Amino acid sequence: MKKIFSFLILLIAIHASTFEIKAQNRIDSFDIESKSLDETRTIKVALPNAYGYSTKSYPVIVVLDNQLLFSTTTALVNQLSATSRMPESIVVTIAEGNRHRAYYSPNLYDNIKNRNYGYGDHQDELTQFLSDELLPELENRYRLADFKTLIGFSPSSVFTLHTFSKNQDLFQAYIALASGNIIGDGYLKGRYLIDDIEKTSAKNTSSSKFLYIVSGGKDLEGQPDIEDNVNNFNQRLSKLNSNKFKTKAEIIQGEGHTDVSLPGLISAFDFIFPKKKWIVNYQDLISQSGNAKENINKFYKELSDEYGFGIYPTMDRLYSMSCIKNIGSSLLRQKRVDEAIELYQYWTELYPKSHLAYSYLGRAQKVNNNIRAAKKSYEKAINLVALDDMHANLNEYQKTIERLDKELKMLKIKKHK
């Protein structure tokens, strides 16, 4: 028993000293020669940190404002998904082209100023680009889950709200930042987007949809009608809200027109993925009667069923037991070795290119006295870590295999005596 305990302490020290969090996303970039827009547009894609190691499919978030929101959204999604507040997601943006973003938004009528916005009114071209060119291209290049979010700010929020009203099935979630004034305007004088949104929403009876609208409190100084718009929206749309259809409009006090972007995004993601629903203590799950993996997967199956795409446990997370890596260690300490091995095997199935997954599987197999299987797992980890050129991990894994070889030799000697 002391020997097993010493081995566990050694491996914990190894992983604590060599594990490296990859803080940077892989950013892809490619061009689309768009027939819809009659120009070439550059697409930037931020992939989840572990995308290359996994077999999972990921939700996609399309950001219409590259310079203002792409980096912010990517960083926020990283933070929230790393702490199990939302699913890991692919973040996409369309780099600026020859025309201003307002060119592709409807030329609404401002019911307060009694004039049109002066926008381009070419929204059909951008809609066609998204539906016929961008989204199919993303499907061809990446593993996408069937959950797509569209984010717009101010002028591009007009397009976001228009898409929700006219082409609602193109995305599952819509986030319209700095748009509390917009919902009080319409396609014609005296008409209101609230009317169109309500009419379209009333027809939705099957698919899950989310619509979040926000404005900064400082915008009310020049546009006090925003408060009436928000209250009117919530009063009317709340009657249609259900488990599958959710809307929310709010004012974040103390924030200006542009400043509302970050707190608005945080609030939007919490609206779509409520932390009360998403955060779970894995220790509580494995303390319930039954199998640890089955209990954890039951929680995520319920989330998957609700959102309509596969949602999986967090495999690795700093400073938390609520991940497969650390809860497996807890199971080993509880002498539930078979359950720990099952969880680590599950990790390798979802992340077949993760050297860390195989090293933890080998660790559990060693505790189970399955030395040959442990050696095989560590050899797999070595092959994977060599591809990543992570020399620190490589050296430690090799030393572990040398110790396992010595144990195998000792076992052979004992058999011959």
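Considering amide H positions built from the backbone, and no H for Pro or chain starts, which residues 5 or more places from PHE245, or on another chain, come under 5 Å of its amide H?
Counting only residues 5 or more places away or on other chains, the set is LYS209.
Would you grab the residues whose amide H sits under 5 Å from the one on GLU250? Only those 5+ places off in sequence or on another chain, please, with H modelled 1.01 Å from N.
ILE213, VAL214, SER215
Taking H placed 1.01 Å from N in the peptide plane, check which residues at least 5 places from TYR119 or on another chain put their amide H under 5 Å from its amide H.
Result for TYR119 returns LEU108.
Can you tell me the orientation of helix 337-350 relative to the chain, as the angle in degrees between its alpha-carbon axis and the longest Cα principal axis, to the nearest 10?
It is inclined by approximately 50 degrees.
With no solvent and one equal point scatterer per Cα, compute the Debye intensity ratio I(q)/I(0) for the chain at 0.11, 0.13 Å⁻¹ and report its log10, rounded to two decimals.
Relative scattering, expressed as log10 I(q)/I(0), comes to -0.86, -1.08.
Pairs of alpha-carbon atoms within less than 8 angstrom and 6+ residues apart define the contacts here; what relative contact order does region 74-180 have, in percent?
Values: 117 pairs, mean separation 21.2, N = 107.
Relative contact order comes out at 20 percent.
Between LYS35 and ARG236, what is 0.36 nm times their sequence separation minus the Cα-Cα distance? Round to one decimal in nm. All intermediate terms of the calculation are to be shown ahead of the outcome.
On the way: separation 201, 0.36 × 201 = 72.36 nm, distance 3.93 nm.
Full-extension gain reported as 68.4 nm.
Bear in mind these aren't lab numbers, they're just calculated from the coordinates by the rules spelled out. No experiment lies behind these values; they were computed from the predicted model shown.
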